[in-house]
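In what follows, a structure is listed as structure tokens, so that the remarks can point back to it.
The numbers here are math on the coordinates, done by the rules we state, and not lab data. This one's a predicted model, so the numbers in the text were calculated from it and none came from an experiment. Cβ: placed from backbone, ideal geometry, glycine included. Neighbour counts: every protein chain shown.
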């Protein structure tokens, strides 16, 4: 019987060790989860910057390859709020002339997109094409907006006339 009792004691000790190891593993796992959740909550407190507004649509009268510039106004001042020459362009798609432009949010560039501000689209001159503006504006929204445009007549460059100074020179 003594041998049987010893065997039972050894088995009990082994179970105790196994249970402790399992308990340590569970505690380590819980501790790791707590640390990661604390880090995640700290990261969640800082919101990511606002995404830009993407505007696209038909642009009859524009020329494929022409650059599109988004100007944002709050009614008192205006600022350029697009700067990707590879993306902000006029394209030809399925026989139509279309454009696309990404308009920065106020968090990306101060003075740019925010609620209540208007986006003015300017189709820049280049390669024998005069600059033109869209006849309508679109309100800034933090989303993708379809905005088909009608363009103004070509905005011609005005010539400059030298003015004589008081001493008679130009």
In nanometres, what is the gap between the two model label sites at residue 120 and residue 79, each 7 Å from Cα along Cα-to-Cβ?
-> 1.6 nm
Assuming R0 = 35 Å, can you tell me the calculated FRET efficiency for the pair residue 153 and residue 45, based on Cβ-Cβ distance, to the nearest 0.05?
-> 0.10
Where the eigenvalues come from the Cα gyration tensor of region 53-146, what are the semi-axes √(5λ) of the equivalent ellipsoid, largest first, in whole Å?
-> 22, 13, 12
Ordering 96-109, 69-82 by per-residue average of other C-beta atoms within 10 angstrom, highest first, gives 96-109, 69-82
